[in-house]
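Worksheet: the structure to be examined is printed underneath.
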Amino acid sequence: MNKLIRMFFALIMISGISFAQSYSVHFEDSSISGQPMEELIIEGTITNTLESEIVVFITRENQNLPDNWSSSLCFKSCFAPWVSTISDTIPGGGVLNFSIHFNTTTEPGSGEATLSISLENSAEKNDYKLAASTNPTGLETPDGEITSFKLLGNYPNPFNGETQIQFESNLASNNALFRIFNIIGKEVFADNFAVKTGLQKYHLNLNQADLASGIYFYQIIHPGKGHLKQTLFGKFNLIK
């Protein structure tokens with residue numbers, strides 16, 4: 001009997017070691033800094049050290065960010081900020097590239113987020129704390145003007161028929177993007193529009209007759225240059 005018990009515990013230990021070595025995680029950096037309004041990106045990889053495939057989950061357990069900052073989890077593309085868990089299958093010996101994007105504002109600040117990485121059908125997980133900060137110097141336009149890209153909200157909200165989304169910007173672009181997502185993060189509408197040089201207020205009139213009643217989220221994205229892409233986020237409640 002004692003021999004059987006020893007064999008049983010030996011099998012548990014071997015199994016635990018095997019699981020702990022089934023994948024490895026690497027981050028390029030655990031912290032990043034940049035200028036206000038910059039999109040700060042921390043990249044990481046998960047390597048499957050087994051010959052068989054694994055299903056991995058990346059969860060943003062918590063975050064502590066300045067007002068109006070947000071973060072997004074990304075694989076090949078980025079998910080909406082309210083999506084806190086993403087998953088993918090990694091083939092045997094394969095590598096999964098992922099990242100977390102911190103969307104900052106014109107005000108300097110610092111924040112952090114904790115990512116948890118786990119496998120399907122397992123309670124074991126590993127946590128990683130990642131930090132981002134912006135320095136106190138403002139980001140300037142070519143003519144020396146401090147940039148502004150700020151959401152002013154939408155009214156009415158809730159609404160039935162039409163609502164007006166307002167924001168201000170002095171960042172010129174012919175390729176700004178407006179996107180709408182439903183409550184589960186699926187994109188239901190997208191359209192490009194132009195913004196001009198000089199500080200101005202903009203009004204996007206939204207009349208989505210083909211949308212069902214419910215809560216929706218929207219993004220206003222300015223492409224910027226390099227990593228200086230800027231994103232605003234809002235929410236509205238459509239009642240029919």
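The values are calculated or read from the model by the stated rules, or taken from the named source; none is laboratory data. It should be emphasised that the depicted structure is a prediction, and the values quoted were computed from it without experimental measurement. Cβ sites come from the backbone with ideal geometry, for glycine too, and all protein chains shown count toward neighbours.
In summary, ASN157 fulfils each of the numbered conditions (1) assigned to a strand (DSSP E or B); (2) of a type outside the set (Asp, Glu); (3) at pLDDT 85 or above with the single exception of condition (1). Anything in segment 179-201 that is of a type outside the set (A, V, I, L, M, F, W, C) and closer than 30 Å to SER84 by Cβ? List them, or say none. Correct list: ARG179, ASN182, GLY185, LYS186, GLU187, ASP191, ASN192. Scanning segment 32-65 for residues that are in contact with an Asp or Glu (Cβ under 7 Å, 6 or more places away or on another chain) and assigned to a loop (DSSP other than H, G, I, E, B) yields a single hit, PRO36. A search for C-beta distances below 7 Å between a residue of segment 201-220 that is at pLDDT 85 or above and any residue that is surrounded by fewer than 11 Cβ atoms within 10 Å (Cβ to Cβ) and among the charged types (D, E, K, R), counting only pairs 6+ apart in sequence or on different chains, returns SER213/LYS240.
Under 13 Å from SER24 (Cα atoms), in a strand (DSSP E or B), within 17 Å of the chain's Cα centre (by Cα) and not hydrophobic (A, V, I, L, M, F, W, C): is that true of ASN126 in this structure? So ASN126 fails the test. Taken over segment 172-194, the criterion of being small (Gly, Ala, Ser) and either free of Cβ contacts under 8 Å to residues at least 40 places away in the same chain or not in a strand (DSSP E or B) (or both) is satisfied by ALA172, GLY185, ALA190, ALA194.
A quick yes/no check of all residues on (1) at pLDDT below 90; (2) crowded, with 18+ Cβ neighbours inside 10 Å; (3) among the acidic types (Asp, Glu); (4) more than 24 Å from LEU152 (Cα to Cα):
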site: GLU51; (1), (2), (3), (4): no, no, yes, yes
site: VAL55; (1), (2), (3), (4): no, no, no, yes
site: PHE79; (1), (2), (3), (4): yes, no, no, no
site: ASP88; (1), (2), (3), (4): no, no, yes, yes
site: GLY94; (1), (2), (3), (4): no, no, no, yes
site: ASN97; (1), (2), (3), (4): no, no, no, yes
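Here PHE167 does not qualify as modelled with pLDDT of 90 or more, within 30 Å of GLY198 (Cα to Cα) and surrounded by 17 or more Cβ atoms within 10 Å (Cβ to Cβ).
Looking across LYS235, LYS196, one residue alone is within 18 Å of the chain's Cα centre (by Cα) and either over 26 Å from ILE41 (Cα atoms) or surrounded by 13 or more Cβ atoms within 10 Å (Cβ to Cβ) (or both). It is LYS235.
For SER72, the test of being buried (at least 19 other Cβ atoms within 10 Å of the Cβ), of a type outside the set (Phe, Trp, Tyr) and either farther than 16 Å from SER31 by Cα or at pLDDT 85 or above (or both) is passed.
Just checking, which of GLU28, GLU38 is outside the structural domain of PRO223 (by TED's automatic domain parsing), over 22 Å from GLN219 (Cα atoms) and either loosely packed, with under 14 Cβ neighbours inside 10 Å or modelled with pLDDT under 95 (or both)? None of the other options fit; the residue is GLU28.
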